[in-house]
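Participant: Structure provided below as C-alpha cells; questions to follow.
The values are calculated or read from the model by the stated rules, or taken from the named source; none is laboratory data. Keep in mind that what you see is a predicted model, and the values were worked out from it rather than measured. Positions of Cβ are backbone-derived with ideal geometry, glycine not excepted, and every protein chain shown enters the neighbour counts. Just so you know, the surface numbers come from the protein's heavy atoms only, side chains and all, with ligands and any DNA or RNA stripped out. Shrake-Rupley method; radii C 1.70, N 1.55, O 1.52, S 1.80 Å.
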Amino acid sequence: MGLDVIIPVYRPGKKFDRLFVGLLSQTVKPDSIILMNTEAEGCSCAALAQRLRRLMRRQRLYGKKQVEVRLVPVRREEFDHGGTRRLAVGLSSADYFVMMTQDAVPADDYLLERLLRAVQEEDCGAAYARQCAPFNASLVEQYTRLFNYPTVSCKKTKADLPRLGIKTWFCSDVCAVYRRNAYNEAGGFVKRTIFNEDMLIAARLTERGYSIAYVAEARVFHSHNYTLAEQFRRNFDLGVSHTENRQVFAGVSAGREGIRLVRATLEYLIGQRRYLDVLDLFLQSGAKYLGFFLGKRYRILPRKLLLTCTGNAGYFESHEPAECKRQKEE
C-alpha cells in the first residue's frame, strides 16, 4: 500500500517539533516523511537533520520507528505552493500521501489512521482533517475554525455544487490525504499558483467523479491570529488565485460563503456579549474583503502597489503578468 507524509518547511518553529514527534507516534506510521526545506540562514537541510536527530533521541524515538526522513532542499525563489508540492509527490512512490503544513500538530495518535480509512473508500479521491483552534486563539478565530471545520464528517461530490457552491471544493493541505491514482487522473497539483493548490485539485477530482471527504474525527491543532495586514495580504493572494483560475471559479461565488461566515460569527459574538470582538470581526472582514477585491484586479495595479499588497512578492518576480512587465520596463 504505502503512505508518505509531505511537508513544505521554512524556518520551522516549535510546533514543527510537536508535529514531527506526533507523526512518529501514529497508530498507522508513514513509510516516509518528505520535508521540502526552503533553505534559509541557520536552517539548511544539514542543520534540520541534526535537529531531528536530537529531537528523536530526546523523545526516545531514535531507532524505534522505521520511518524514512527525506530532506529535499528548495531555493526560496523557486518555492511555489503548487509546484513544490507537485515535485514532492513525484519523489514519493506511495499509493497514498498526506500533505501537511509545518504548524499543524496532530491532536492524537489516530490522525493518519482515520484519514487513510476515509480515502480508501472506492469513490474518494482526497480526505482532509478537522482543524481545531488551540485555547490561546482569539474568539473570532476559534469560531471561524468551528464554522469551517464542524464536528460532523461529510462527503462532497460534483452533485453538491448547486447546494454548497465553492464549499464543495473546500479541502485544506494543512492536513489532507490523497489517493495517488485519483491524483494522477486529475493531473496533479498545478505547477504554478500563488495559493489555493488544494482547492484547485479538489475541483479537478470532483469533475472526474471522485468525492472529497471531510473527516471530523481526524484532528490537528492549527490556527492563526493574523494581523489586519496579514489578513489583507492572504486574501489578496486568494483573489489573485481566483483570477488566474477563472475557468475553475467562474461558475461559483466565493462571496456568499464569506457573508454567511461573517453573519454567523456576528450572531455568536453578540450572544456571548463580546462586543469588542465584534469590532475585531468587522475590521478583519473589511481587510479580507478589500484584499480579495484588489487581488481579483491585480493585473491593473501599478507594480509597486502590487508588491506591497501581496504576501508572496517572489511569485510575481518569477511569474510576472504582462501588465507588470510593461510597467517595469517603462
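Participant: Please work out which residue is farthest from ARG163 (Cα to Cα), limiting yourself to segment 247-291 and to residues that are open to solvent by 70 Å² or more (accessible area, probe 1.4 Å) and among the hydroxyl-bearing types (Ser, Thr, Tyr). First the steps, then the outcome.
Facilitator: Kept after step one, since they are open to solvent by 70 Å² or more (accessible area, probe 1.4 Å), are these residues of segment 247-291: 247, 250-251, 256, 259-260, 263, 267-268, 270, 272-276, 279, 282-283, 289-290.
Checking the rest, the ones that are also among the hydroxyl-bearing types (Ser, Thr, Tyr) come to 268, 275, 289.
Numbers: TYR268: 24, TYR275: 33, TYR289: 23 Å.
Across segment 247-291, the extreme among qualifying residues is TYR275.
Participant: Oh, and also: Just give me the residues in segment 12-27 being free of Cβ contacts under 8 Å to residues at least 40 places away in the same chain and over 17 Å from SER223 (Cβ atoms), in sequence order.
Facilitator: Of all residues in segment 12-27, those free of Cβ contacts under 8 Å to residues at least 40 places away in the same chain come to 14, 17, 20.
ASP17, PHE20 - these are the residues of segment 12-27 that are free of Cβ contacts under 8 Å to residues at least 40 places away in the same chain and over 17 Å from SER223 (Cβ atoms).
Participant: Look through PRO134, PRO162 and report the one residue that is open to solvent by 30 Å² or more (accessible area, probe 1.4 Å) and without any contact (Cβ under 8 Å) to a residue 24 or more places away in the chain. Write out each step before concluding.
Facilitator: Numbers: PRO134 fails: without any contact (Cβ under 8 Å) to a residue 24 or more places away in the chain.
The unique qualifying residue is PRO162.
Participant: Here's a check for you: in segment 187-206, which residue that is touching a Gly at 6+ places or on another chain (Cβ under 7 Å) and in contact (Cβ under 8 Å) with a residue 24 or more places away in the chain is surrounded by the fewest Cβ atoms within 10 Å (Cβ to Cβ)? Even if it seems obvious, please write down each step before you answer.
Facilitator: Looking only at segment 187-206, we keep the residues that are touching a Gly at 6+ places or on another chain (Cβ under 7 Å), and these are 189-193, 197, 204-205.
Narrowing the set further to residues that are in contact (Cβ under 8 Å) with a residue 24 or more places away in the chain leaves 189-193, 197, 205.
Details: PHE189: 26, VAL190: 21, LYS191: 13, ARG192: 15, THR193: 23, GLU197: 25, LEU205: 26.
Out of the qualifying residues, it is LYS191.
Participant: Mind listing whichever residues of segment 10-22 are aliphatic (A, V, I, L, M) and crowded, with 22+ Cβ neighbours inside 10 Å?
Facilitator: Step one: of segment 10-22, the residues aliphatic (A, V, I, L, M) are 19, 21.
Scanning segment 10-22 gives a single hit, LEU19.
Participant: Kindly provide the set of residues from segment 165-184 that are touching a residue at least 24 places away in the same chain (Cβ under 8 Å) and more than 17 Å from SER253 (Cα to Cα), ordered by number. Please lay out each step first, then the result.
Facilitator: The initial filter retains those residues of segment 165-184 that are touching a residue at least 24 places away in the same chain (Cβ under 8 Å), namely 165-183.
Passing the criteria: SER172, ASP173, VAL174, CYS175, ALA176, VAL177, TYR178, ARG179, ARG180, ASN181, ALA182, TYR183.
Participant: Is it fair to say LEU294 is closer than 28 Å to LYS167 by Cα, open to solvent by 80 Å² or more (accessible area, probe 1.4 Å) and either at pLDDT 95 or above or not in a helix (DSSP H, G or I) (or both)? Full working, then the answer.
Facilitator: Numbers: closer than 28 Å to LYS167 by Cα: yes; open to solvent by 80 Å² or more (accessible area, probe 1.4 Å): no; either at pLDDT 95 or above or not in a helix (DSSP H, G or I) (or both): yes.
Judged against the criteria, LEU294 is not a match.
Participant: Hey, does segment 72-84 have a residue that's open to solvent by 40 Å² or more (accessible area, probe 1.4 Å), more than 21 Å from the chain's Cα centre (by Cα) and of a type in the set (Asp, Glu)? Show your work before the answer.
Facilitator: First, pick out the residues of segment 72-84 that are open to solvent by 40 Å² or more (accessible area, probe 1.4 Å): 73, 75-79, 81.
Adding the requirement that they be more than 21 Å from the chain's Cα centre (by Cα) leaves none.
Looking through segment 72-84, none of the residues is open to solvent by 40 Å² or more (accessible area, probe 1.4 Å), more than 21 Å from the chain's Cα centre (by Cα) and of a type in the set (Asp, Glu).
Participant: When only residues in segment 41-55 that are within 24 Å of LEU91 (Cα to Cα) and open to solvent by 20 Å² or more (accessible area, probe 1.4 Å) count, which is modelled with the lowest pLDDT?
Facilitator: Start the filter on segment 41-55 by keeping residues that are within 24 Å of LEU91 (Cα to Cα), which leaves 43-53.
Within this subset, residues satisfying the condition of being open to solvent by 20 Å² or more (accessible area, probe 1.4 Å) are 44-47, 49-51, 53.
Numbers: SER44: 90, CYS45: 92, ALA46: 91, ALA47: 91, ALA49: 92, GLN50: 91, ARG51: 91, ARG53: 87.
Out of the qualifying residues, it is ARG53.
Participant: Please tell me if VAL248 is touching a His at 6+ places or on another chain (Cβ under 9 Å), more than 30 Å from ASP109 (Cα to Cα) and among the β-branched types (Val, Ile, Thr).
Facilitator: On the way: touching a His at 6+ places or on another chain (Cβ under 9 Å): yes; more than 30 Å from ASP109 (Cα to Cα): yes; among the β-branched types (Val, Ile, Thr): yes.
The answer is yes for VAL248.
Participant: Continuing with this model, one more query. Answer with yes or no whether LEU91 is out of contact with any helix residue (DSSP H, G or I) (no Cβ under 9 Å at 6 or more places or on another chain), surrounded by fewer than 18 Cβ atoms within 10 Å (Cβ to Cβ) and over 30 Å from GLY258 (Cβ atoms). Spell out the reasoning first.
Facilitator: Values: out of contact with any helix residue (DSSP H, G or I) (no Cβ under 9 Å at 6 or more places or on another chain): yes; surrounded by fewer than 18 Cβ atoms within 10 Å (Cβ to Cβ): yes; over 30 Å from GLY258 (Cβ atoms): yes.
For LEU91, the condition - out of contact with any helix residue (DSSP H, G or I) (no Cβ under 9 Å at 6 or more places or on another chain), surrounded by fewer than 18 Cβ atoms within 10 Å (Cβ to Cβ) and over 30 Å from GLY258 (Cβ atoms) - is met.
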